[in-house]
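S.K.: I have a structure here, written as structure tokens, and I will follow up with some questions on it.
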Ligand code: CP
Ligand code: NVA
């Protein structure tokens, strides 16, 4: 593994091995065992969109591993004034040991990896959010003791989260049902791959999708960059809400996960969110542990 650009680049074994390493690092941290595996290393973190969890968990993760992290806002970098990604990649490769980037186009992340000579980590694009899904899988495995054979239902927009959940869950032997409005389906190629490689459905019938689920997942109706569509989306997605009515159709003890930030009263009710708050905030914590595993795997000598 040289980069983390999207989960479809990883084998099932590579994903499971990252989760195992994350478990180990989490155990060590909780038990006061230091692990300065990236001593002297520096991660550059380029942000072209806002972030709470990704920024803080990567920065803290690097410190806990004995290294440093640099926050690089695209407003301040020359990349924000038109310096090509291919040049930025080659320059930053001379200073840094790895780059985490949050941006719009997946192509930009792929170009950094192509032109740079250091590991590149996708911290969210319009297409994918692989770091979040590694944390999600870690959380599901902690609560359920396994991944294989479980069913995840995603209710909402067929966005970056839906795309990455489909790939990550199918690769780990889970079945996936997406409930979304007809014109808001996940990426067509990802859906075709999932249908060929696992148990996958995509429907606008929420009841059908949520039935028998072990994990119910949702995300905002309007992602970063879609702010101008927010009002229109509120109408289109009005029924695509995680609430107690739909949770009654899921399996007994089903989990609810949300990558956060959440809009209570839109994609999830306050009641359902608070009932599952311990799962959702364990999930947020696991961003730290899962990403430390990614950093170690990619940046350790
Ligand atoms: N879930 C997630 O990526 O959160 P941030 O946007 O706060 O980084
Ligand atoms: N789909 C959301 C995820 C935020 C973590 C977005 O892209 O804004």
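S.K.: Looking only at the range 49-81, count how many residues are within 16 Å of ligand 1 (Cβ to nearest atom) and at pLDDT 95 or above.
M.R.: Residues flagged as within 16 Å of ligand 1 (Cβ to nearest atom) and at pLDDT 95 or above within the range 49-81 amount to 17.
S.K.: As an exercise: evaluate residue 139 against (1) within 13 Å of ligand 1 (Cβ to nearest atom); (2) within 23 Å of residue 187 (Cα to Cα); (3) touching a helix residue (DSSP H, G or I) at 6+ places or on another chain (Cβ under 6 Å); (4) assigned to a helix (DSSP H, G or I) and give the number of the one condition it does not meet.
M.R.: For residue 139, the exception is condition (2).
S.K.: Let me ask something else. Mind counting the residues in the range 276-300 that are away from ligand 2 (no atom under 16 Å from the Cβ), farther than 24 Å from residue 1 by Cβ and touching a residue at least 24 places away in the same chain (Cβ under 8 Å)?
M.R.: 2
S.K.: Of these, 48, 59, which one is surrounded by 15 or more Cβ atoms within 10 Å (Cβ to Cβ), without any contact (Cβ under 8 Å) to a residue 24 or more places away in the chain, within 27 Å of residue 261 (Cα to Cα) and touching a strand residue (DSSP E or B) at 6+ places or on another chain (Cβ under 9 Å)?
M.R.: Testing whether each residue is surrounded by 15 or more Cβ atoms within 10 Å (Cβ to Cβ), without any contact (Cβ under 8 Å) to a residue 24 or more places away in the chain, within 27 Å of residue 261 (Cα to Cα) and touching a strand residue (DSSP E or B) at 6+ places or on another chain (Cβ under 9 Å) leaves just 59.
S.K.: So residue 84 fits all but one of (1) surrounded by fewer than 18 Cβ atoms within 10 Å (Cβ to Cβ); (2) in contact (Cβ under 8 Å) with a residue 24 or more places away in the chain; (3) more than 16 Å from ligand 1 (Cβ to nearest atom); what number is the exception?
M.R.: Single failed check for residue 84: (2).
S.K.: Being within 19 Å of the chain's Cα centre (by Cα), away from ligand 1 (no atom under 16 Å from the Cβ) and either surrounded by 24 or more Cβ atoms within 10 Å (Cβ to Cβ) or within 27 Å of residue 11 (Cα to Cα) (or both), is that true of even one residue in the range 221-236?
M.R.: No: the range 221-236 contains no residue that is within 19 Å of the chain's Cα centre (by Cα), away from ligand 1 (no atom under 16 Å from the Cβ) and either surrounded by 24 or more Cβ atoms within 10 Å (Cβ to Cβ) or within 27 Å of residue 11 (Cα to Cα) (or both).
S.K.: Which ones in the range 22-38 are touching a helix residue (DSSP H, G or I) at 6+ places or on another chain (Cβ under 6 Å) and either under 14 Å from residue 287 (Cβ atoms) or surrounded by fewer than 17 Cβ atoms within 10 Å (Cβ to Cβ) (or both)?
M.R.: 22, 25, 26, 35 - these are the residues of the range 22-38 that are touching a helix residue (DSSP H, G or I) at 6+ places or on another chain (Cβ under 6 Å) and either under 14 Å from residue 287 (Cβ atoms) or surrounded by fewer than 17 Cβ atoms within 10 Å (Cβ to Cβ) (or both).
The values are calculated or read from the model by the stated rules, or taken from the named source; none is laboratory data. From a predicted model like this one, the values you see are computed outputs, not experimental measurements. Note: ideal-geometry Cβ built from the backbone for every residue, glycine included; neighbour counts use all protein chains shown.
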